[in-house]
1. May I ask you to compute the full-extension gain from Gln150 to Asn98, defined as 0.36 nm times their residue separation minus their alpha-carbon distance, rounded to one decimal in nm?
2. Need one number: convex hull volume per residue for segment 53-164, Cα atoms only, in Å³.
3. Taking the Cα centre of the chain as origin, work out the dipole magnitude from +1 charges on Lys and Arg Cβ and -1 charges on Asp and Glu Cβ, in debye rounded to 20.
4. Return the loop-located GluC sites (Glu not before Pro) in segment 99-130 (DSSP other than H, G, I, E, B) with at most 13 other Cβ atoms within 10 Å of their own Cβ; answer none if there are none.
5. What do you get for the angle between helix 53-78 and the principal long axis of the chain? Use alpha-carbon atoms, 0 to 90 degrees, nearest ten.
6. For Lys144, which aspartates and glutamates qualify as cross-link partners when the Cα separation must be under 20 Å and same-chain residues fewer than eight apart are set aside?
7. At most 16 other Cβ atoms within 10 Å and a DSSP loop assignment: could you name the trypsin sites (Lys or Arg not before Pro) in segment 66-163 that fit?
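Please treat every number below as a calculation from the coordinates, not as lab data. The shown structure was predicted, so the numbers you read here are calculated from the model rather than taken from an experiment. No Cβ is skipped: glycine too gets one built from the backbone with ideal geometry, and neighbour counts run over all protein chains shown.
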Amino acid sequence: MINKKGVWFLTLFSLILVLSVYYITMPPELLITPNTNNENEESTPVVNMEESSILVALRVEADEELETQISELKKIVSDADSSVEDKNEAFEKIKELNSNRSNEENLEKKINDEFELQAFVKIEGNNIEALVNAEKHDINLANKIMRLIQAEFDTSKNITVKFQK
């Protein structure tokens, strides 16, 4: 009588054998990968944009800080012993934090779309800091980024643009 290990072995071996035969008998046209360029086709350049590890680390740190602040404020809102004023202040602060995060993501996307640069944006009150991943430190580019950011707000903001490689 055949044991369970033997049945599993035969099943997997049969599966591998069937897939091998299928692969060998496939027409070669199906094996061409999309990245392979034919002589007749025009090749389009592929631009790979990788975010800097510093930007990723800053974004993760900011997200963790935001989560911590929101969870503390939610405790105040849900606490039965908190006053109505404290609950209202905590709720307004949660709304402000969520709005700031939304604005940060929007500004990062606009900088990426307009200048094709990866950026990290941090909004704290009236101050906005943008860290841009760029090869060269260009004053004109910094001015353009500052104008792009200021255009999103009705009131004047203190905007700082820093470049990092």
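1. Roughly 16.8 nm would be gained on extension.
2. 91
3. Once rounded to the nearest 20, the dipole reads 580 debye.
4. Sparse-neighbourhood loop GluC sites (Glu not before Pro): Glu116.
5. The answer is roughly 60 degrees.
6. The reachable aspartates and glutamates, counting only those whose Cα sits under 20 Å from Lys144, are Glu104, Glu105, Glu108, Asp113, Glu114, Glu116, Glu129, Glu135, Glu152, Asp154.
7. Counting only loop positions with at most 16 other Cβ atoms within 10 Å, the trypsin sites (Lys or Arg not before Pro) in segment 66-163 are Lys136, Lys157.
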